[in-house]
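Heads up: the structure comes next, in structure tokens.
The values are calculated or read from the model by the stated rules, or taken from the named source; none is laboratory data. Treat the numbers as computed from the prediction; the structure is a model and nothing was measured. Cβ atoms come from the backbone with ideal geometry, glycine included; neighbour counts cover every protein chain shown.
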């Protein structure tokens with residue numbers, strides 16, 4: 001009889017559990033009048049980020065014209081820290097453009113290694129081919145050329161110089177290849 | 001009748017011990033015969049009469065030897081009492097009636113029957129509960145799933161986030177570091193789309 005009583009208690013509890021509403025049922029029902037929002041619509045967050053990026057690039061330009069390369073570099077680095085909407089392709093484009101600008105500023109400072117790191121980082125984080133990625137390859141070629149020029153003063157570095165210049169050519173070729181591919185796609189879509 | 005210590009037969013125990021090969025005397029024969037009858041009567045269940053200490057010790061030894069041989073059968077009333085006691089200890093006094101063996105036997109059979117049908121009763125109750133749960137589940141009103149929100153309408157391209165390739169085009173090498181002008185163009189273009197989306201399209 002003890003077992004039967006325990007069984008009945010468990011059964012009653014199970015029935016109550018079946019009839020009780022699930023946690024999701026406690027949630028308020030979705031509003032009928034709720035309008036659908038396209039996830040890729042231009043929103044305020046994107047406009048704020050673009051506005052900040054625009055202003056920061058202008059700040060960097062002014063600093064550069066004033067000869068304050070360090071402040072210009074700091075302003076461009078701020079662009080890389082901006083918060084864009086997660087699914088906005090503009091975020092990748094703007095960041096890649098900022099990286100190209102930053103690398104050029106670093107090359108002007110003679111900091112070729114850091115400039116190459118900035119480019120490599122941009123290429124690694126890019127999710128798709130774009131004119132901005134092609135531009136990164138262009139700047140990469142310029143950095144490689146600058147390295148070769150810096151080493152060309154010593155005849156002992158001739159082999160390495162040749163190697164760097166070939167790498168620069170490959171970077172320019174890659175840039176041109178991406179440009180052509182995208183240009184063809186745009187032409188076909190119009 | 002056994003004799004008392006004052007009888008002549010008791011002198012056998014008190015007198016000198018005879019040699020092993022001596023012929024038994026008439027008194028010894030009579031004493032042995034009387035003691036044999038006493039043993040037979042006692043083992044048959046009769047209450048022994050009063051006797052002297054030596055005879056009682058011998059009678060007890062005979063009783064023990066008889067019991068140890070394993071051929072002793074208890075009398076029916078004694079067996080009944082012993083069985084009742086054992087059953088009372090096994091199933092408890094509550095289940096036992098006062099009328100004796102039949103109640104004891106009936107109670108024991110009832111216990112056996114309960115042990116036999118208890119698992120089946122538990123299994124049957126489980127099946128009934130499971131069936132009831134299924135019925136309740138089937139009869140429970142299923143909540144209608146909320147109406148799906150209408151798919152988001154496809155926005156015009158200029159109101160959507162999108163790559164800026166079409167706007168910027170290929171970037172010339174001499175313009176590689178001129179991010180400011182390109183970001184200006186992107187911002188202006190997206191601002192137009194955002195205004196249209198936010199404040200309505202021009203008729």
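In table form, for the structure just shown:
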| read-out | value |
| --- | --- |
| Any hit, segment A:165-176, residues being within 20 Å of residue A:49 (Cα to Cα) and at pLDDT 95 or above | no |
| When residues of segment B:154-167 are limited to those that are without any contact (Cβ under 8 Å) to a residue 40 or more places away in the chain and assigned to a loop (DSSP other than H, G, I, E, B), the one farthest from the other protein chains (Cβ to nearest Cβ) | B:154 |
| Count of residues meeting criterion [under 22 Å from residue A:77 (Cα atoms) and more than 7 Å from chain A (Cβ to nearest Cβ)] in segment B:168-187 | 5 |
| Qualifying residue in segment B:76-90 (condition: surrounded by 12 or more Cβ atoms within 10 Å (Cβ to Cβ), modelled with pLDDT of 60 or more and in a loop (DSSP other than H, G, I, E, B)) | no |
| Residue that is free of Cβ contacts under 8 Å to residues at least 24 places away in the same chain, more than 19 Å from the chain's Cα centre (by Cα) and either surrounded by fewer than 23 Cβ atoms within 10 Å (Cβ to Cβ) or facing chain B (nearest Cβ under 8 Å) (or both), where the choices are A:183, A:109 | A:183 |
| Single residue of B:151, B:147, B:185, B:95 found to be within 18 Å of residue A:94 (Cα to Cα) and either at pLDDT below 90 or in a helix (DSSP H, G or I) (or both) | B:185 |
| Given (1) more than 22 Å from residue A:183 (Cβ to Cβ); (2) at the interface with another protein chain (Cβ under 8 Å from one of its Cβ atoms); (3) at pLDDT 80 or above, index of the condition residue B:196 fails | (2) |
| Test for residue A:53: is it crowded, with 17+ Cβ neighbours inside 10 Å, at pLDDT 95 or above and within 10 Å of another protein chain (Cβ to nearest Cβ) | yes |
| Filter pass, residue A:3 being modelled with pLDDT of 95 or more, assigned to a helix (DSSP H, G or I), surrounded by fewer than 19 Cβ atoms within 10 Å (Cβ to Cβ) and facing chain B (nearest Cβ under 7 Å) | no |
| Top-ranked residue in segment B:24-49 [being assigned to a loop (DSSP other than H, G, I, E, B) and free of Cβ contacts under 8 Å to residues at least 24 places away in the same chain; ranked as farthest from the chain's Cα centre (by Cα)] | B:25 |
| Test: residue in segment A:99-106 that is within 9 Å of chain B (Cβ to nearest Cβ) and more than 20 Å from residue A:77 (Cα to Cα) | no |
